[in-house]
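Worksheet for the structure shown next.
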Amino acid sequence: MKFLAEPQQQAWWASRTGFVPVGHKALALLNESGFYEQQPEQRTALSQMLNTRPGVNSQGIRLGNFPQIREVIEGELVDVVEGRKSVEAGLDAAKLTGNALLRVFRVINGAAGQGEI
């Protein structure tokens with residue numbers, strides 16, 4: 001994780017994938033290297049994120065019961081890594097429980113459009 005958090009790695013990833021850099025130092029590296037001058041279209045998503053006033057649709061992931069679903073996924077991954085479940089069994093269990101949590105969220109909140117994993 002430390003390696004992935006390094007500004008050089010973030011800048012490399014952003015320059016190769018089109019994803020926006022997640023840190024200011026990575027952004028500075030991309031600017032200093034001339035990346036955005038050479039590929040100005042790559043600045044579009046970044047500009048939209050930096051120049052948008054935070055609101056209900058721009059404050060992070062919009063997935064009902066996300067903290068609970070993340071805990072389920074993490075627990076299943078631990079079972080897989082520690083050999084208690086196969087990868088397929090762990091993913092199937094995470095999907096089953098995650099979808100159940102999404103349905104609960106939908107019923108409680110009347111949330112339209114909350115699909116399945």
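Only the coordinates and a few stated rules stand behind these numbers; no lab work does. Note that the structure is predicted; figures quoted are calculated from it, not measured. Heads up, the Cβs are rebuilt from the backbone with ideal geometry, glycines too, and the neighbour counts pull from every protein chain shown.
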Inset, instruction - Scan the range 57-67 and give yes if some residue there is closer than 30 Å to ASN109 by Cβ and of a type in the set (Ser, Thr, Tyr), otherwise no. - result: yes
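Would you check if there is a residue in the range 25-37 being assigned to a helix (DSSP H, G or I), touching a Lys or Arg at 6+ places or on another chain (Cβ under 6 Å) and free of Cβ contacts under 8 Å to residues at least 12 places away in the same chain? Walk me through how you get there before you give the answer.
Taking the range 25-37 as the starting set, the residues that turn out to be assigned to a helix (DSSP H, G or I) are 25-33, 35-37.
If we keep only those that are touching a Lys or Arg at 6+ places or on another chain (Cβ under 6 Å) too, we end up with 36.
Those left that are additionally free of Cβ contacts under 8 Å to residues at least 12 places away in the same chain: 36.
Yes: the range 25-37 contains one or more residues that are assigned to a helix (DSSP H, G or I), touching a Lys or Arg at 6+ places or on another chain (Cβ under 6 Å) and free of Cβ contacts under 8 Å to residues at least 12 places away in the same chain.
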